[in-house]
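Each value in this text was obtained by applying a stated rule to the coordinates, not by laboratory testing. Quantities reported herein were computed from a predicted structural model and do not represent experimental measurements. Every residue, glycine as well, gets a Cβ built from its backbone with ideal geometry; the counts of neighbours run over all protein chains shown.
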Amino acid sequence: MIGDRVPSSTAAASILREIFGGLANGFAFRLWDDTTVALGTGPARFTVVVHAPQTFRRLIRDPSPLNFAEAFVESAIDIEGDLFAAMEVADVVENLKVPLSVRLRLLATLWAA
């Protein structure tokens, strides 16, 4: 089934850079295969650790602070480093508007990966 495919870390890194690359605060994602994707400017103040590709897929479908919070509570992700900096980025992400055309293209990339 196409939705069950595991995205490659290369595809995931590309998607993360497209969605979150324009944010000013320095932070990172560490993917299920230990690939680290640095984002923003400056050194990473925190790292979001994504434990499984299925969690990544879920978060990219809806990159809202609520979805990240639920994944955190479920231990599907961890946050290493400055939790207050992570909350600052969550505030910025809440207002992040990804155009529908970009979301559809990224989701197609995710499903093809």
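For the chain, calculate the relative contact order in percent as a whole number, restricting contacts to Cα pairs under 8 Å that are 6 or more residues apart.
Dividing the mean separation by the residue count of the chain yields 28 percent.
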Check: What base-10 log of the normalised intensity I(q)/I(0) is obtained for the chain from the Debye formula, alpha carbons as equal point scatterers, at q = 0.10, 0.14 Å⁻¹?
Finding: -0.25, -0.51
Check: Looking at the range 13-113, which trypsin sites (Lys or Arg not before Pro) are DSSP coil and have at most 14 other C-beta atoms within 10 Å of their C-beta?
Finding: K97
Item checked: Per-residue ³J(HN,Hα) for the range 50-62, Karplus 6.51 cos²θ - 1.76 cosθ + 1.60, θ = phi - 60°, Hz, x for Gly and Pro -> 9, 7, 8, x, 5, 5, 4, 4, 4, 5, 6, 4, 9
Note to self: Explain nothing, just compute: Karplus ³J(HN,Hα) = 6.51 cos²θ - 1.76 cosθ + 1.60, θ = phi - 60°, for every residue of the range 70-79 in order, whole Hz, x for Gly and Pro.
What the structure shows: 4, 5, 5, 4, 7, 6, 6, 9, 10, 10
Next item on the list: Hey, can you grab everything whose amide H is under 5 Å from the amide H of N25? Only 5+ residues off in sequence or another chain; H modelled, so Pro and N-termini drop out.
Entry: T41
Checklist line | Added length on full extension, which subtracts the Cα-Cα distance from 0.36 nm per residue, V73 to Q54 | finding: 5.2 nm
